[in-house]
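A short worksheet on the structure shown next.
The values are calculated or read from the model by the stated rules, or taken from the named source; none is laboratory data. Quick caveat: nothing in here was measured; it's all calculated off a predicted structure. Counting neighbours? That spans all protein chains shown, and the Cβs are built from the backbone with ideal geometry, glycine included. Just so you know, the surface numbers come from the protein's heavy atoms only, side chains and all, with ligands and any DNA or RNA stripped out. Shrake-Rupley method; radii C 1.70, N 1.55, O 1.52, S 1.80 Å.
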Amino acid sequence: MSTTDNAKPVRKDPAALKAADWADGRLGIYGLAKANLRKIFPDHWSFMLGEIAMFSFIIVILTGVYLTLFFNPSMGEVVYDGEYVPLQGVHMSEAYKSTLDISFEVRGGLLIRQIHHWGAIVFVAALVVHMMRVFFTGAFRKPREINWLVGWTLLFLAMFEGFLGYSLPDDLLSGTGVRFMEGAILSTPLIGTYLSFFLYGGEFPGTDIIPRFYSIHILLLPGIMVGLFVVHLFLVIYHKHTQYPGPGRTNSNVVGQPFMPVYMAKAGGFMFIVFGVISIMAAIATVNPIWAYGPYRPDHVSTDAQPDWYMGFAEGLIRVMPGWEINAWGHTLALGVFIPAMVFPLVLLAIGVYPFIESWITGDKREHHLLDRPRNVPVRTGLGAAWISLYILLLIGGGNDLFATHFHLSINAITWFIRIGIFVVPVLVFMATKRICLGLQRRDRDKVLHGRETGVIKRLPHGEFIEVHEPLSQDRLYVLTQHEQPKPFKVEGAVDENGVARKVKLTDKLRARLSRGYFGEGGQIPKPTAEEHAEITSGHH
Ligand code: HEM
Ligand code: HEM
């Protein structure tokens, strides 16, 4: 650009600045916006998982609103006279009929329905993977325990919300799910029958359950979830995002890009990718073809009945549990249903309280903003892997009929495999993962002390062959050695001044034992000290 000496630059306020000025004059938000829009976000592909959860959540809300325009949450009976010929003349509920209409008569209805359903599946999958990222990297440690609990509540509600949505169309599959829930409620000792009557407004299935589920599905749970989601993101901003260890990254800084414009542009683009991928899935892959199942009738049950994947865990527990029953004083205790119905929330509860258990074991009360490399915390990583293996096993148990027909196996053999497997496989997976982590720690130690193996073989003048090792860069050395290696917790004063053993609290004993498991011998490989490194790299060896 060329300017002449006497040409004065014309100063024009850009529209955005004017708008910001306007808003600031009325709301006084300049300081707040300035502080937060330039906030630094660290970059790593795994931080994308939370974003997938966020964008798929937005998708299910938007498509859900569209569905409410046409869905009729009524169990009133009608005779079908719509476009889908095979069902014409069949008696069904208005809920089922309106879902058929959404699928065959509403413009774009089937696509939106499928986007809603696929969006829900992707949403819960993203939540679980996001949670595992947070778990494996220790991002739940102080000060983020509350945000872990907020996220965990969101996961719990999302699973429940998905189950309710699945029940709304009142087809044979959704009715089977609602019946499943009735069985679980009835198994509650003493109050099961009352609870069931209260929920269903009388005898199962009644005419209230779909309208009730509808209010909860479109109003109550989404309202709570949106509120929690805002708190979740607020806390992410308030605490600042964690970062992976690397040169220049410490517990008290954040290395990354500013929220505006870099992160905003990236996240905006990514949002369209998530929207696009879910839309393509919905356009090419059928999900929940309710017209093929028919309307729900309590005396019918469909074969191959499967819940959405996130409920497969609960289904698996019920299917593999022996049908134990206790009959006493004219009452039946259906343990075959009650025990699995209790194990499901208990496993979820264990995930929810894990951060508090770990901080009790480690006794670590400091703030952590640098993430752990999963290999450096083998016990935690092992527990996470064991949990995943349990989930997969029970998913197989929940689909035992499908596995039997598709792989030509005996359904009893699958059920017994899962029954034994749920006690054995997670333990084996835990041990294997822990060993792999320790192996990787050994490899890190080796790399720090001896450098990277280059694959270049040299022959020395006296005839010996050696492989050339290339020293690591300072950056890499830092990453491989920055982690802390805590000492296991020891009970103070277990022996008094005369050498006589004192009575030690049971909780302290337990804590010391668990802490030894985490950080004792066999829990971690000592990382190389600066002296060892200096000694080896000094050239004397
Ligand atoms: C509606 C559900 C959820 C949404 C939309 C969501 C979204 C996000 C986003 C966008 C981030 C920042 C980027 C990232 O770290 O991935 C984040 C961070 C976080 N999320 Fe979630 N999340 C949800 C559920 C969960 C669940 C189920 C958990 C764990 C049980 C969880 C725990 C956390 C924690 C502890 C952080 C802070 C991580 C850090 O600073 O490294 N969130 N979440
Ligand atoms: C996390 C949030 C949500 C999840 C996981 C979810 C999940 C589901 C699922 C799996 C279905 C069955 C779809 C099918 O027919 O194949 C469904 C149906 C439905 N959902 Fe949602 N949903 C969510 C939020 C919402 C919201 C916010 C609304 C409305 C504002 C909504 C409205 C509906 C309606 C009207 C139906 C019945 C119509 C139909 O089945 O096609 N949903 N939902």
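By the helix-only formula, in which each DSSP H run with n ≥ 4 contributes -39500 (n - 2.57) and the sum is divided by residues, the chain has a 222 nm mean residue ellipticity of -19500 deg cm²/dmol. How many percent of Cα pairs in region 445-539 exceed 17 Å? Value for region 445-539 (Cα pairs over 17 Å): 68 percent. Computed extension gain for residue 65 through residue 111, at 0.36 nm per residue and net of the alpha carbon distance, reaches 15.2 nm.
Projected label points at residue 208 and residue 456, each 7 Å from Cα along the beta carbon direction, are separated by 8.0 nanometres. Three principal axis extents of region 44-96 based on alpha-carbon atoms, in descending order, are 56, 21, 14 Å. Each of 250, 293, 116 was scored by the projection of its Cα onto the charge dipole of region 14-372, and the greatest displacement toward the positive side belongs to 250; charges sit on the C-beta of Lys, Arg, Asp and Glu.
Ordering 192, 517, 332 by the projection of their Cα atoms onto the charge dipole of the chain, which places +1 on the Cβ of Lys and Arg and -1 on the Cβ of Asp and Glu, puts 517 at the extreme positive end. A 1.4 Å probe, protein heavy atoms only, puts the accessible area of residue 286 near 90 Å².
The gain in end-to-end length when the residue 505 to residue 286 segment is fully stretched comes to 73.0 nm, 0.36 nm per residue minus the alpha carbon separation. Among the GluC sites (Glu not before Pro) found in region 259-362, those both in a DSSP coil and sparsely packed, with 15 or fewer other Cβ atoms within 10 Å of their Cβ, are 325. Spatially, region 368-431 and region 299-345 are offset by 19 Å when compared through their Cα centroids.
Between residue 466 and residue 364, the distance separating the two model label sites (each 7 Å from Cα on the Cα→Cβ line) works out to 3.8 nm. Hand me the tally of lysine pairs in region 445-539: alpha carbons under 28 angstrom apart, and the pair either on different chains or 8 or more positions apart. Close lysine pairs found across region 445-539: 12. Positive-end ranking of 75, 93, 55 along the dipole of the chain, with charges on Cβ about the Cα centre, is headed by 55. Loop-located GluC sites (Glu not before Pro) in region 450-533 (DSSP state not H, G, I, E or B) with no more than 14 neighbouring Cβ atoms inside 10 Å: 464, 484, 492, 497. Rounded to the nearest whole angstrom, the semi-axes of the ellipsoid equivalent to region 206-272, taken from the Cα gyration tensor as √(5λ), stand at 40, 15, 9, largest first. Report the full-extension gain for the segment residue 533 to residue 357: residue separation times 0.36 nm, less the Cα-Cα distance, to one decimal in nm. Answer, rounded to one decimal: 59.8 nm. Residue order by solvent-accessible surface for 309, 291 is 309, 291, largest first, with ligands and nucleic acids left out and a 1.4 Å probe. With a 1.4 Å probe and every protein chain left in place, tell me how much accessible area residue 111 has, in Å² to the nearest 10. That residue has around 80 Å² of solvent-accessible surface.
Write down Rg/Rh for the chain, rounded to two decimals, with Rg from the C-alpha atoms and Rh from the Kirkwood relation over Cα pairs.
Numbers: Rg = 29.4 Å, Rh = 28.0 Å.
For the chain, the value is 1.05.
The distance from the alpha carbon centre of region 193-247 to that of region 475-522 is 40 Å, rounded to a whole number. As a calculated quantity, the FRET efficiency between residue 342 and residue 407 at R0 = 35 Å, using C-beta atoms, amounts to about 0.70. To put it simply, the accessible area of the chain at a 1.4 Å probe is 66 percent carbon and sulfur.
Relative to the Cα centre, the charge distribution of the chain, modelled as +1 at Lys and Arg Cβ and -1 at Asp and Glu Cβ, gives a dipole magnitude of about 2100 debye.
Measuring with a 1.4 angstrom probe and ignoring ligands and nucleic acids, residue 260 comes out at about 80 Å² accessible. Projecting label points 7 angstrom from Cα along Cα→Cβ for residue 273 and residue 239 puts them 2.5 nm apart.
Accessible area per residue (1.4 Å probe, heavy atoms of protein chains only) ranks 450, 462, 239 as 462, 450, 239, with the largest value leading.
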